[in-house]
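Below is one structure, written out as structure tokens; comments come after it.
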Amino acid sequence: MEASLTTEKTETLAEQLKRQTTTVHESLDKRIIRARPFDSEQNYLGFLKMQLCFHWLVRPLFNDPNVAALMGNISHGCRFDQVVQDCLDLNLNVEQQQQLLASVLPLKVTAAEAVGWIYTIEGSNIGGAFLFKMAKQIGLNEDRGALHLAGHIDGRAKHWREVKQCINQLDLNSAEQQQMIAGARDAFSFVRHKVEEFLPACD
Ligand code: HEM
């Protein structure tokens, strides 16, 4: 039999995650933009409330020993403290933050699902470059209200490349790969629910 001249390129895990979440990501982006979160500080506060819930929920995964066994030390990617600071800057005090978080149930996920959640929250920071620019247009920046949207200390793109490399070197069987994708989709779905709760569409 003649050997095929084309070799099929195997999709990396990061590519799989991107492909499997592109539709939900696009729909979420559009929905967030429809709420005009960067038209005023009041609108932006709704966006921050969503981010507070999302980053609070994912924070334990950054320090989970089972996740660390797979992904190494990724705790420096956690931006929860920065979100808390941004909330304080916009006068959402600790008590009010705790009230918001009281209804968010802690995550119970497998290590493979956790990879999907971490992909989603880390990826949101690469897209966050665009949001950071928009936040600056209403006077917010890393010193007030938008610290969590600033780039990673190692550089936004470099850190994201490292996260993807870290995901791509994982040795996941097909069931675990499915769990990873499900984790990423669940993360998008959680955020979508919080957007519906805190960010009314403006049209
Ligand atoms: C209006 C809101 C948003 C906009 C306009 C937006 C825009 C973008 C853009 C332009 C990128 C590509 C960046 C690049 O490759 O240089 C990106 C990547 C990404 N964003 Fe968003 N984003 C938004 C919100 C979110 C949210 C809330 C999440 C998380 C739930 C999220 C998750 C991701 C992920 C995971 C990636 C990485 C995709 C990949 O390359 O694998 N985004 N976003």
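Bear in mind these aren't lab numbers, they're just calculated from the coordinates by the rules spelled out. Just so you know, these numbers come straight off a predicted model, no measurement behind them. All Cβ positions, glycine included, derive from the backbone under ideal geometry; neighbour counts span all protein chains shown.
Numbers below:
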{"item": "When residues of the range 170-184 are limited to those that are out of contact with any Gly (no Cβ under 7 Å at 6 or more places or on another chain) and outside any loop (DSSP other than H, G, I, E, B), the one surrounded by the most Cβ atoms within 10 Å (Cβ to Cβ)", "result": "179"}
{"item": "Condition met for residue 203 (assigned to a loop (DSSP other than H, G, I, E, B), surrounded by fewer than 16 Cβ atoms within 10 Å (Cβ to Cβ), free of Cβ contacts under 8 Å to residues at least 12 places away in the same chain and away from the ligand (no atom under 13 Å from the Cβ))", "result": "no"}
{"item": "Positions within the range 26-59 being over 23 Å from residue 139 (Cα atoms), aromatic (Phe, Trp, Tyr) and more than 9 Å from the ligand (Cβ to nearest atom), in sequence order", "result": "56"}
{"item": "Subset of the range 133-169 that is within 16 Å of the chain's Cα centre (by Cα), within 11 Å of the ligand (Cβ to nearest atom) and within 24 Å of residue 37 (Cβ to Cβ) - its residue that is surrounded by the most Cβ atoms within 10 Å (Cβ to Cβ)", "result": "149"}
